[in-house]
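**Q** This is the structure I want to talk about, given as structure tokens.
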Amino acid sequence: MSGLDSLYAMLARPVTANVKLKRKVVQPHQGKDIAEDSHESPQSQLPPRITRPKSERRKASNNRYIRAYDRRQKKAHLASDPAPNIDINV
């Protein structure tokens, strides 16, 4: 094991420090290119060309109730079944 240590000591190179200088940021000129923030009140209504898909949401909520009803019906049918079906593969 000491042979590896001496071999490493002979072949190892010293660590070189990499110093990177910070970039100097160029300040933008203070001209009229930069517009001031507008302080008008925000728009509370959607533009007239945008419509909301109300029917799709209503369909999705109705489907949820229908699926819940179907699950209840299936549970009731399985509970009323006198003998459960058992599949056996031979």
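**Q** Any residue at all in the stretch 30-38 that's outside any loop (DSSP other than H, G, I, E, B) and at pLDDT below 70? Break it down stepwise before answering.
**A** Step one: of the stretch 30-38, the residues outside any loop (DSSP other than H, G, I, E, B) are none.
No, there is no match, as no residue in the stretch 30-38 is outside any loop (DSSP other than H, G, I, E, B) and at pLDDT below 70.
**Q** Of (1) among the charged types (D, E, K, R); (2) outside any helix (DSSP H, G or I); (3) at pLDDT below 75, ARG23 satisfies all except one. Which?
**A** (3)
**Q** Does ALA76 count as part of a helix (DSSP H, G or I), modelled with pLDDT of 75 or more, within 38 Å of the chain's Cα centre (by Cα) and on the phi < 0 side of the Ramachandran plot?
**A** When the stated conditions are applied, ALA76 does not pass them.
The values are calculated or read from the model by the stated rules, or taken from the named source; none is laboratory data. None of the values given here were measured: they were computed from a predicted structure.
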